[in-house]
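Below: the structure, in structure tokens.
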Amino acid sequence: MLAILPLLLVAPQELSTDELGLSELLGERWTVEAEVYSQAGPAVVSIELEGSIQQRDFFGRTRHKEGQLGQGTGVLIDSTGLVITNAHVAAPEGPGMVVENIWVSFAEEFGGQRLEAKLLNAAPEWDLALLKIESPGPFRSVPLGSSKDLLKGEKLIAIGTPFGNDHSITSGILSGYHRNITVRTPSGAKEMPGLLQTDAAINPGNSGGPLLNSLGELVGINSATMEAADGIGFAIPVDRVSEILSERLLDVDYSTRFWAGMKVEERPEGLVVVSVNPNGPASDAKVRVGDVLLEIQDENLSDLRSYASQLLPLSEGDQVRMKLQSSNGRARYSTLRLAPAKERDTRGLMGFDAKRSVVYYRDGRQRERMRVLEVTRVYPNTHAAELGLQAGDRILAIMVRDPKGEPDWAQFDTFSGLIAQVRGPDFVRTGTNIWVLREEKTFQGELLIEGA
């Protein structure tokens, strides 16, 4: 009897447990966990990253190592091969680390295929990432449930690759929700708010895998365990996963691979362009607000997911053939050349690029130094160019609001830190908001920001 089980488990997804007759065949051995694994197991993949890393040894010499950079778990959420996982699994942050290949593997009982995947997008602040399997589908996927109506004490099931043990299944209960925990990352400690707590065993390697309810629906993405704790695991609620998926991971304008310079929304009339950065590639391609996107690379578009699936696998420098419908109803073709992702912040947001630098000054008799940002390039036709910024200028500070809401100057010595502040709610967007040093003189002015 057991010999037929693997064959039954790879049957088409439409077949229910009752149609397969497994509950009658196996009786009490056919547990809730076994049924959930039969439904969701084909949609769970182990993830392996290959690449290189440069490290310094005790004597300061640089060592170059190649091989496996990490492993974890992911779950398919779409038949086209879209895989959701943790950002720290698919897009790890580390000095000298270069990811060259991403592989996903299915469980042996579900074919055991090992296929190449591509990172489409990542949201490190939420520890989520989106992959696309390079091979054609269709693939089995897991239905998304809801984390709003979860009950403390209800059964939850985790599938993952703990310590490299592929496709292991554990079960437990929902122990709590709205948990705020602090996790360690290569860039420092980070707080993860509003997580689900479960006593289903979650260990290193489970990261990015599904947390499922007894109906086989995805209710969370396993993300973290608490140090010095026994039997406590945490997962990102599926409602937040869905939100980040639609607002960030499937948003082409947040791609980590390129910058398109336009935002698209799904409306009754179709996929409508709702904003175009005046300094971006879409503007160069004569895309206008109100245009309806009909095709990408001669493929029809039906919704945001099909749009993202067509565009997100591409890279900077690729040329994209688009068919658009203007507000007057006329169709036209246009070619969009994708720019480097960094230009979203430089050319598109700030209007300039900058590097870390140091300014020396005297405080009484003592010589002091201050870390600043030095402008390396100013893009034409931007607000930075209108302000008169020049290469070599040093950004001393920008104006932000303190915890009491009062405007005050704040210093930044990394461009990424400056970008994060400018995109945040505390940056003062109008009036005097930037303080610049040019040679021996300083000046203050108003820097208007695009697309913040």
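Filtering region 420-452 down to residues that are touching a Ser or Thr at 6+ places or on another chain (Cβ under 9 Å) and modelled with pLDDT of 90 or more, which residue is nearest to VAL276 (Cα to Cα)?
Among those that are touching a Ser or Thr at 6+ places or on another chain (Cβ under 9 Å) and modelled with pLDDT of 90 or more, it is LEU448.
Got a number for residues in region 225-268 being modelled with pLDDT of 90 or more, surrounded by fewer than 17 Cβ atoms within 10 Å (Cβ to Cβ) and part of a loop (DSSP other than H, G, I, E, B)?
Total meeting the criteria: 1.
Report whether or not LEU447 is surrounded by 13 or more Cβ atoms within 10 Å (Cβ to Cβ), within 24 Å of LYS342 (Cβ to Cβ), in contact with a His (Cβ under 9 Å, 6 or more places away or on another chain) and not acidic (Asp, Glu). Break it down stepwise before answering.
Details: surrounded by 13 or more Cβ atoms within 10 Å (Cβ to Cβ): yes; within 24 Å of LYS342 (Cβ to Cβ): yes; in contact with a His (Cβ under 9 Å, 6 or more places away or on another chain): yes; not acidic (Asp, Glu): yes.
Judged against the criteria, LEU447 is a match.
Of the residues VAL372, VAL359, VAL378, which single one is free of Cβ contacts under 8 Å to residues at least 40 places away in the same chain, touching a strand residue (DSSP E or B) at 6+ places or on another chain (Cβ under 7 Å) and either surrounded by 12 or more Cβ atoms within 10 Å (Cβ to Cβ) or on the phi < 0 side of the Ramachandran plot (or both)?
Unique residue meeting the criteria: VAL378.
Name the one entry in LEU294, LEU301, LEU312, LEU324 that is in contact with a helix residue (DSSP H, G or I) (Cβ under 6 Å, 6 or more places away or on another chain), within 23 Å of ARG267 (Cβ to Cβ) and not acidic (Asp, Glu).
LEU301
Just a yes or no: is a residue in region 125-144 in contact with a helix residue (DSSP H, G or I) (Cβ under 7 Å, 6 or more places away or on another chain) and either hydroxyl-bearing (Ser, Thr, Tyr) or assigned by TED's automatic domain parsing to the domain that holds SER306 (or both)?
yes
Which one of these does LYS148 not meet: (1) over 29 Å from TYR307 (Cβ atoms); (2) more than 18 Å from the chain's Cα centre (by Cα); (3) of a type in the set (Lys, Arg)?
The number of the failed condition is (1).
Assess whether ILE181 counts as being under 22 Å from GLU247 (Cα atoms) and touching a residue at least 12 places away in the same chain (Cβ under 8 Å).
For ILE181, the condition - under 22 Å from GLU247 (Cα atoms) and touching a residue at least 12 places away in the same chain (Cβ under 8 Å) - is not met.
Taking interchain pairs and intrachain pairs at least six residues apart, which have beta carbon atoms under 8 angstrom, with the first residue in region 438-452 and over 16 Å from ALA391 (Cβ atoms) and the second at pLDDT below 90?
Pairs that qualify, where the first residue is over 16 Å from ALA391 (Cβ atoms) and the partner is at pLDDT below 90, are ALA452/ARG423.
For region 272-286, how many residues meet the condition of being crowded, with 21+ Cβ neighbours inside 10 Å and not polar (S, T, N, Q)?
Of the residues in that region, 4 qualify.
Let's see how each residue does on (1) within 18 Å of GLY112 (Cα to Cα); (2) buried (at least 21 other Cβ atoms within 10 Å of the Cβ); (3) over 18 Å from the mean Cα position of the chain (by Cα); (4) at pLDDT 80 or above:
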position	(1), (2), (3), (4)
GLN13	yes, no, yes, no
TRP30	no, no, yes, yes
PRO42	yes, yes, yes, yes
GLY51	no, no, yes, yes
ARG61	no, no, yes, no
GLY74	yes, yes, no, yes
VAL89	no, yes, no, yes
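When region 326-356 is examined, which residues are found to be of a type in the set (D, E, K, R), surrounded by 16 or more Cβ atoms within 10 Å (Cβ to Cβ) and assigned to a strand (DSSP E or B)?
ASP353
ALA397 versus (1) under 32 Å from the mean Cα position of the chain (by Cα); (2) surrounded by 15 or more Cβ atoms within 10 Å (Cβ to Cβ); (3) closer than 26 Å to ALA260 by Cβ: which is the lone unmet condition?
(3)
The values are calculated or read from the model by the stated rules, or taken from the named source; none is laboratory data. Quick caveat, the model's predicted, so the values are computed rather than measured. Every residue, glycine as well, gets a Cβ built from its backbone with ideal geometry; the counts of neighbours run over all protein chains shown.
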